[in-house]
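Comments concern the structure below.
The values are calculated or read from the model by the stated rules, or taken from the named source; none is laboratory data. The structure displayed is predicted, hence computed values, not measured ones. Backbone-built Cβ (ideal geometry, glycine too); neighbour counts: all protein chains shown. Remember, those area values only see protein heavy atoms, side chains included, never the ligands or the DNA or RNA. Shrake-Rupley method; radii C 1.70, N 1.55, O 1.52, S 1.80 Å.
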Amino acid sequence: MGLFDKLFGGGKKKVSKETVETRGMHMPDLNIPVDEKFTIHFKKNGGKFIYCDSFDEVSEALKNIIEENHWEELPFFVMNPRLKEKFYKDNLKFTDKANDSEIFFTTCEHLVAQNGSILVCSNQLKEKKLNELPDNVIVFATTSQLVGTIGEGLKTIKKKYRQVIPANITTIKHFQGTEENANDFLTYGSSTKHLYLLLMEDL
């Protein structure tokens, strides 16, 4: 069953979005599917979410994002050469200098349902801190990267890269500037990003 089947259809009984969102952030999580939980928290954080069934839909969504923001003439800051190869047909302009771009285009390690955050590491950021990256971020991810908690994501990273565990592991969590975010001591040293998530079904 696909992500949107779970959100908007299907036979399983679902907990309403209102029920989840009105619970306090320190209340225990309700027993809902990981993909639904991630979507709710991600949107609550201010992220823009686009679900795609195929890579063709990803390309179309990316084109729409570029047109919506008038980014046609702007280069995308990309540190992952595989991402450049994957999107070479989309006629994007790329740069390897963060200061030359307003958009950071990246993959991630995991999507964390626990708080709707994006788990990244040196594979995506190299040695850069979040506040050194452009304020606009586009993340390309797949549904197989969804995990329940940060701990689960870290265990998967450790298992996947057992020879050399990547450094600079962090989460991108806040996608809009709010008074709540500004007063949250847990976000000290982090940076608010205007973030789009292109999520492709691969399960």
For region 50-118, with only Lys/Arg (+1) and Asp/Glu (-1) charged at the beta-carbon, what is the dipole magnitude about the Cα centre, in debye rounded to 20? 300
The rounded separation in angstrom of the Cα centers of region 78-150 and region 45-77 is 13
Contact order normalised by length for region 64-160, with contacts defined as Cα pairs under 8 Å and 6 or more residues apart; what percent is it? 27
Say R0 is 22 Å: what FRET efficiency, to the nearest 0.05, do residue 80 and residue 131 get from their beta-carbon distance? 0.65
Probe 1.4 Å, accessible area per residue of region 47-159, Å²: 50
When all protein chains stay in place, what accessible area (Å², nearest 10, 1.4 Å probe) is found for residue 144? 60
For the pairs 93/126; 89/173; 129/193; 93/173, flag any whose C-alpha to C-alpha distance is greater than 23 Å. 89/173; 93/173
DSSP bridge orientation in region 85-171 - percent antiparallel, rounded to nearest 5: 45
